[in-house]
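The values are calculated or read from the model by the stated rules, or taken from the named source; none is laboratory data. Owing to the predicted nature of the structure, the values given are computational and were not obtained by experimental measurement. Methodologically, a virtual Cβ is constructed for each residue, glycine included, from the backbone with ideal geometry; neighbour enumeration extends over all protein chains shown. Protein only, heavy atoms only, side chains kept; ligands, DNA and RNA dropped before computing areas. Shrake-Rupley method; radii C 1.70, N 1.55, O 1.52, S 1.80 Å.
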Amino acid sequence: MISCRGVWKVFGPKAERVVGTPDADLPRAELEAATGCVAAVRDVSFDVPEGGVFVVMGLSGSGKSTLVRCFSRLIEPTAGDVVIDGRNVIDLSPADLRELRRTRLSMVFQNFGLLPHRRALDNIAFGLEVQGVSKAERLARAKEMLDLVGLGSVGESYPDELSGGMQQRVGLARALANDPAILLFDEPFSALDPLIRRDMQDEVVRLQRELRKTVVFITHDLAEALKLGDQIAIMRDGRFVQVGTPEEVVSAPADDYVRDFVRDVPRGHVLTARSIMNPVVDGATTRVAAATKVSDLVPIVASVDAPVAVIDDDGSVCGSVDRLCVLDALADVPAVG
């Protein structure tokens, strides 16, 4: 549904002259000194399938927020293509771009951006009001979205009467109100307390399971990325350092930069039977699904002496796990098999 190819964003005079040149590979300070430009996004390419969750994570200044704003041209890319539903966003006329933003895309920001003089229901319905939807229809839709995010009783409340977590749920309901195909999240939970943040992450997981939107989620929190993403991109100095599943990023970091990110991740809560399994072993009677987390495998392999068969999505046996490979995975050493 989303395909980015060679996307660049360079800020500064004659920015297009930096794209693809040797200067573009200079560290940020040296590039700025040499050209007066800052390369926030450098030659980024990736695809997000329909219904997928693609998480971009990195430290502050890595370019991740600039990148997500290029999708809807809130920031104009310097070069490259952003294709959504087969249409290159870069080539859209102002009218077509407005239509895309109104009907196909919704963004959720760290700053809730709620209108303080409007009730929660009216805030959620605001985008539909802009589209010219009748009052009765848009309020009914807003009530439906409020119920969906678990806030059915606060529709008459004003933003200053709601907690931070409740305000962000209202913001999420507003993003969902026009039934967009694509949701863009730009560090939406960064300002929330840890417990509320976890609740909002759970809410996104639940909603994604029910609605199957195509999601691009920006965060600087690795635990959040691992929890939400089907694919994770680690970004540094405007480039993608590694793109892979949560298992791939944790089990096979591309370099020392990624390795530092994942060093303290509890591997047992990320790795699965599929990622640590040995070849098929005859005689295994106990069975586990390939998606079973390693942490859940511990009591299973501890209770049997024989290897445990790993079952693929189609019901076939695709490998086996035993105590040794589970312990090796938890200890972060290569499995023997």
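Of all residues in the range 122-137, those that are in contact (Cβ under 8 Å) with a residue 40 or more places away in the chain and open to solvent by 30 Å² or more (accessible area, probe 1.4 Å) total 3.
This table checks each residue for (1) within 23 Å of GLY63 (Cβ to Cβ); (2) hydroxyl-bearing (Ser, Thr, Tyr); (3) open to solvent by less than 60 Å² (accessible area, probe 1.4 Å); (4) free of Cβ contacts under 8 Å to residues at least 24 places away in the same chain.
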residue: GLY229; (1), (2), (3), (4): yes, no, yes, no
residue: ARG236; (1), (2), (3), (4): yes, no, no, no
residue: ASP256; (1), (2), (3), (4): yes, no, no, yes
residue: ASP264; (1), (2), (3), (4): no, no, no, yes
residue: THR292; (1), (2), (3), (4): no, yes, yes, yes
residue: VAL304; (1), (2), (3), (4): no, no, yes, yes
residue: VAL321; (1), (2), (3), (4): no, no, yes, no
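With respect to PHE217, is the statement that it is within 24 Å of PRO116 (Cα to Cα) and in contact with a helix residue (DSSP H, G or I) (Cβ under 6 Å, 6 or more places away or on another chain) true? Judged against the criteria, PHE217 is not a match. Checked against (1) surrounded by fewer than 20 Cβ atoms within 10 Å (Cβ to Cβ); (2) assigned to a loop (DSSP other than H, G, I, E, B), ASP147 meets all criteria but (2). Which ones in the range 306-319 are aliphatic (A, V, I, L, M) and open to solvent by 40 Å² or more (accessible area, probe 1.4 Å)? Correct list: ALA306, VAL317. Of the residues making up the range 1-42, those that are open to solvent by 10 Å² or more (accessible area, probe 1.4 Å) and within 16 Å of VAL83 (Cβ to Cβ) are MET1, SER3, ARG5, GLY6, TRP8. Scanning the range 173-196 for residues that are under 15 Å from the mean Cα position of the chain (by Cα), outside any strand (DSSP E or B) and surrounded by 19 or more Cβ atoms within 10 Å (Cβ to Cβ) gives GLU187, PRO188, PHE189.
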